[in-house]
Structures are given as C-alpha cells and as structure tokens.
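A short reminder: the numbers here are calculations on the coordinates, not readings from a lab. All figures in this text were calculated on a predicted structure; none of them were measured in a lab. Here the Cβ positions follow ideal geometry from the backbone for every residue, glycine too, while neighbour counts run over all protein chains shown.
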Amino acid sequence: MFNVLRPLTWWFAVVGSAIALAVGVMTTVSVVGRAFFKSPIQGDVELTQLGIALSISLCIPWCQLRGANIIVDFFTQDISTKKQGFLDAIGAALVALMCLLLAWRTGVGAMAVREAQESSMILGLPMWWAYASLAPGLALGGVVALVQSWMRLTNQALVDADNDAQGEPS
C-alpha cells in the first residue's frame, strides 16, 4: 500500500510547496510594489489565504506518511513497545477520523458555498474553489493515517514504510 501512497503523497507535497513558494514570491512582489510604486497586487491577501491553506492541506499527507507530526511521548516513554504501538495505532486512527471528517465537511461546505454563489471580496473568485481545493489533501492524509493505524494494529513494521518514504520516490 505504501508503494502507492508514497509517490502520491510526495507529489501532493511538491505541488503544495510550489504553491507556498508562489505565494511567497507574490507577497514579495506585492509588498515591493506597494512600498515603491504605490501599486500592490490586487487581492494579494485573498490569494495568500487561499494559497497557504491549499499548500498546508496538500502537505499533510506527506507529513503523516513520514511521521513528522508532533508527538508528545512524555507519558509513554517508559511503557512497553507493544503498548506504544497500540497507542500510536489509536492516535493514527484518530488523525484519520479527523482528516476524513474534515475532507467530507469541506466538500459539503464547498457545495453549499457554490449554491450560495459566494465570492471573494476583491477578486470576485468563487469561494467554493477554496473549499473544494482543500478536500483532496485532507482525504489523502486520512487514508495515510488509516493505513498506518491498520499496520500498527496488525503488527506490521512501519520502519520499512518510513525508510521508503525518505527522499524522492522511485
């Protein structure tokens, strides 16, 4: 399963990173334009909000696959490896539930906002685009966490999956 998830999550992260980079460049151009030429990029705040939200949602699956989320293990560092694995499985299942719930509600929200024909203030962009663009990253993050939870519950080693996840996919 990780042979499919690894390259998919990697590409999601690459696209998310490219979007974040583009937002950074756009913000710089807008600030320079505002400061020196009194001509900022119209709608730069709207584009920044949309772009960074999209970037984060696209990077969540890769982060989950790599196990790069924050883990507070202060209370579990002295328990057995088996118990830690079980708690990690529960944690991954909760992350899966949260991500899949957010993906579902974001999709439903996109449809509601589309029906309401809501648009952004300055650029007039359809707001449903913003909502709909978040759902794929959240859904993939949920699938990754679900697979990780299952692997931990069935005592399958995640070390190989984590090692395979390092670097660029083959």
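Quick rundown of the values:
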{"read-out": "Virtual paramagnetic centre 7 Å along Cα→Cβ of Leu101, amide N under 15 Å, in region 74-95", "value": "91-95"}
{"read-out": "GNM result for the chain, Cα springs below 10 Å: residue of Ser80, Ser149, Ser57 fluctuating most strongly", "value": "Ser80"}
{"read-out": "Note, ³J(HN,Hα) from phi for region 28-34, Karplus 6.51, -1.76, 1.60, rounded to Hz, x at Gly and Pro", "value": "4, 4, 5, 5, 5, x, 5"}
{"read-out": "Square roots of 5 times each gyration tensor eigenvalue, C-alpha, region 113-155, largest first, Å", "value": "37, 8, 5"}
{"read-out": "Around Gln84: net Lys/Arg minus Asp/Glu count, Cβ-Cβ under 12 Å", "value": "0"}
{"read-out": "Table column - 3J(HN,Hα) (Hz), region 44-51, Karplus curve with 6.51, -1.76, 1.60, x for Gly and Pro", "value": "4, 5, 4, 5, 5, 4, 5, x"}
{"read-out": "Candidates Ile90, Ile52, Ile71, ranked by Gaussian network fluctuation over the chain, Cα under 10 Å, top entry", "value": "Ile71"}
{"read-out": "Top of Ser55, Ser39, Ser17 by mean-square fluctuation, Gaussian network on the chain, Cα under 10 Å", "value": "Ser39"}
{"read-out": "Sequence-distant residues sharing a close amide H with Ser119 (under 5 Å, placed H)", "value": "Met127"}
{"read-out": "With eigenvalues of the C-alpha gyration tensor scaled by 5 and rooted, region 1-148, Å", "value": "35, 19, 13"}
{"read-out": "Note, ³J(HN,Hα) from phi for region 126-138, Karplus 6.51, -1.76, 1.60, rounded to Hz, x at Gly and Pro", "value": "x, 5, 5, 4, 4, 5, 5, 5, 7, 4, x, x, 5"}
